[in-house]
Amino acid sequence: MRPARRPTPGTRPPRSGGRLAASRRSLRAGLALIAGTALATLALSAGPAAAQGPPRTAEQAVTAAVDAVVTADAPTVIGGTQLYSTAGTCPVAMNVYGAGGTPHGLIHGACGHAVGTTQWFADSALTVPVGSSTTAAPFPTSPHTLVQYNGGGSYPPHLATPTGTVRVGSPVALPIGAGICKAGPTSGVTCGTVQAHQQTVAFPQGSLTGVSRASLCPESGDTGRMLVAAGTNRPVGLVVGGAGNCTTGGTTFYLPIQPILAQYGVVPFV
């Protein structure tokens, strides 16, 4: 199921006046000379990636680049973007969309205040508001939650990787033995295989059921990020924890994405 319409990318400052129009035309021309053709989507995988979304023309690519420059003062939030609050920091796993394309960010349930509303910001100084999330109960009773964006920015359906951004594909449930990958700020892009489903994992805050296990080494900053199927950009699950590290090896635990989307009645926009 997909939302009835594409999500509104967020409010933009009014564009008027001869100088701004001339600036846009000049910038388009300059970018066209540099770009030539639309940039190809990168793949977060250990192997070749399938293309995601319809191809864009060179003109569409240049227009998108111009818009990105014009609205540079507004926050752009994608999967992997770090958000800040008085309770700490948290990465967005991925953007999801409700009825009518209303955008939200999916985050780990341990992010923010244990109970109540958490205000999130795009900067560590807490001056650029992004939205708020409400957790009904602390982790692991609520292992994930949504940030309701305030509409003051742009929320495209992309994930960040160490080499660029990728467009999110349709969610998928992987069988045991299937390839799975993640992109972390410390570990970079790592891949492994799915080892088990429907596991119960003990955390300091309590036990969490319905967890899947993968042979991915964990490092600092991986928790709360999205796993994808190897060779694609299709989301598989939300990282909830791990054991070991990328020097000696380890295990990553995740919650499958499809039950999470069903619970909130949201979908990734693909």
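The values are calculated or read from the model by the stated rules, or taken from the named source; none is laboratory data. As the structure is a prediction and not an experimental result, all values here were calculated from the model. Glycine gets a Cβ as well: all are built from the backbone with ideal geometry, and neighbour counts include every protein chain shown. When the accessible area is computed, the model is the full protein with side chains, heavy atoms only, and any ligands, DNA or RNA have been set aside. Shrake-Rupley method; radii C 1.70, N 1.55, O 1.52, S 1.80 Å.
In order along region 119-126, the Karplus-derived 3J(HN,Hα) couplings, from 6.51 cos²θ - 1.76 cosθ + 1.60 at θ = phi - 60°, round to 8, 10, 10, 7, 10, 5, 7, 6 Hz, and Gly and Pro are given as x. Reported to the nearest whole Å, the Cα centre-to-centre distance from region 115-145 to region 212-260 is 21. Peptide packing for 128-138, 157-167 was compared via the average number of neighbouring C-beta atoms within 10 Å per residue; ordered from the highest value, the list is 157-167, 128-138. Here's how it looks for V130: its modeled amide H is under 5 Å from those of W120, F121, A122, which are all 5 or more places away or on a different chain.
Probing with 1.4 Å while keeping every protein chain in the model, the per residue accessible area of region 181-269 equals 39 Å². Rolled with a 1.4 Å probe across the full set of protein chains, the surface gives F203 an accessible area near 40 Å². Across region 212-229, computed HN-Hα scalar couplings (Karplus, 6.51 cos²θ - 1.76 cosθ + 1.60, θ = phi - 60°) run 9, 10, 9, 7, 10, 6, x, 9, 4, x, 6, 4, x, 9, 9, 8, 10, 5 Hz from first to last residue, x flagging Gly and Pro. Across the alpha-carbon atoms of region 89-210, the computed radius of gyration and Dmax are 16.0, 45 angstrom.
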